[in-house]
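The values are calculated or read from the model by the stated rules, or taken from the named source; none is laboratory data. On a predicted model such as this, the values are computed, not experimentally measured, just so you know. Cβ placement follows ideal geometry from the backbone for every residue including glycine, while neighbour counts extend to all protein chains displayed. The accessibility values were calculated without ligands, DNA or RNA, using every heavy atom of the protein model including side chains. Shrake-Rupley method; radii C 1.70, N 1.55, O 1.52, S 1.80 Å.
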Amino acid sequence: MIKKIIIYDGPKVNFKKHLPRKLTMTTISELAIYSDRKMREHTFKMQSRKLDAEVERGEHKPHIPCLVGFSDEYAALSSSALNAFLSFIGQFEIDILCLQNPPMQIRAQFQNLHSRVKEIEYPYARLDLDILKEIYNGYSRKIIGQERALLSILTALYPLAAQKRDKPAVLLFYGPTGVGKSETAKYLSGVMGQPLFRRQFSMFHSGEFATYLFGARHTEISLAKELMERESEIILFDEFDKPSPIFHSAFYQLFDEGIYEDKNYRANARGAVIICTSNYLSAEEAREKLGAPLFARFDAAISFNNLSNAALDKILRIKCESECSALSESERSLVSAEVLYDQLRENLSGTDGARGVEHQVRAALSLRLLESALN
């Protein structure tokens, strides 16, 4: 009989803090290896040969002080072991069982053991009004030329920050490339002091994206599983406009209620800020391409404009200073930030936004250093 059961939802870094420090721990992977060896009649080496003999005669179950299941270990179990998890671990005498983000097939088997089950959810740092003020005060120093977007962002985030809602704030950022959409998500996560949860949707093909969104075998990665393992309440779905519209229904419940569920996992994102970036050039285009049912689920569709000449000039100076400051002392004697800035400002192109400016600075700097090296 298992004396104590801990089911933990959240990232591994915090799960480890809830593990008993003074007990010897065995992982699910190690248990699966032992069970597989036993089934194949291989010898499993115990600490005592006497105990090993007793186990073979069925006189004792192997004793495990603390059995731990990390989120990435359930793939080591066969489907049959997953669906009969209690029977699988019933081969052993376990004092404490600690499971991080177990699949729903395992969770269902503990429904009748509530008296011994302790459920823990990771305490995500939530947006509040003080953080909203910090975002307001520092945004324009990090994201150049998007002051109008800032007001729309703060307006959309206010109900969540004031704790007037129990669902995520869902924002659609649209506009040309390189103008600060993804950087805004990075900035928000930085202010929150959390690593950004970012998924690049353009990297998926239709087949693998369907598996990723809706789940398949428990051995494969999925969005629901990754959302359970995240450390941040700032969620970025980059290039949300790239996947086929046939996948839009996958996000309805997430945007409405903050719950994302597939065949194996159920993730909670109720207090999160969900940002979807796109290259749509207007809200009307976004509504047409995404469709009214999905577009209506965004709390705000926020425009990021082309960068003005003044904004591009400011970005150029910042990039020149940051790139030159990273040079070695000998390299800085060959080129200065001011000389680099003067060289580039007259032919500055804003076609690719801030990203394009950065490429121009790095290319010019590399060329100057290469010429010096060759000479």
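For the reader, a short list of remarks on this structure follows.
- Which of Tyr187, Ile259, Gly207, positive extreme of dipole for the chain (C-beta unit charges): Ile259
- Once the Cα-Cα distance is subtracted from the 0.36 nm per residue extended length, the Asp130 to Glu93 segment shows a gain of 8.3 nm.
- Of the solvent-accessible surface of the range 66-131, computed with a 1.4 Å probe and all protein chains present, 49% belongs to carbon and sulfur.
- The modelled label-to-label distance between Asn137 and Thr24, using points 7 Å beyond Cα along the C-beta direction, is 5.4 nm.
- Kirkwood estimate for the range 217-375, i.e. one over the average of 1/r between Cα atoms, Å: 19.4 Å
- The range 120-176 - Rg and Dmax from Cα coordinates, angstrom: 12.9, 43
- Inter-label distance, nm, simple model (7 Å from Cα along the C-beta direction), Arg332/Gln163: 4.8 nm
- Candidates Lys314, Lys242, Lys186: whichever shows maximal mean-square fluctuation once the chain is modelled as a Gaussian network with Cα springs under 10 Å: Lys314
- Both radii come from the Cα set of the range 71-216: Rg as radius of gyration, Rh as Kirkwood radius; their ratio Rg/Rh reads 1.10.
- Taking Val361, Val179, Val273 as the candidate residues, the one with maximal mean-square fluctuation in a Gaussian network model of the chain, Cα springs under 10 Å, is Val361.
- Accessible area per residue in Å² at 1.4 Å probe, computed on the chain: 52 Å²
- Over the range 100-153: Kirkwood hydrodynamic radius from C-alpha pairwise inverse distances, Å: 15.4 Å
- Rounded accessible area of Thr277 (nearest 10 Å², 1.4 Å probe): 10 Å²
- Estimated FRET transfer efficiency (Ala216, Ser322; beta-carbon r; R0 51 Å; 0.05): 0.70
- Charged-residue dipole, Cβ positions (Lys, Arg, Asp, Glu), the range 104-192 about Cα centre, Debye nearest 20: 140 debye
- Theoretical gain in end-to-end length, His205 to Arg266 [0.36 nm per residue, Cα-Cα removed]: 19.6 nm
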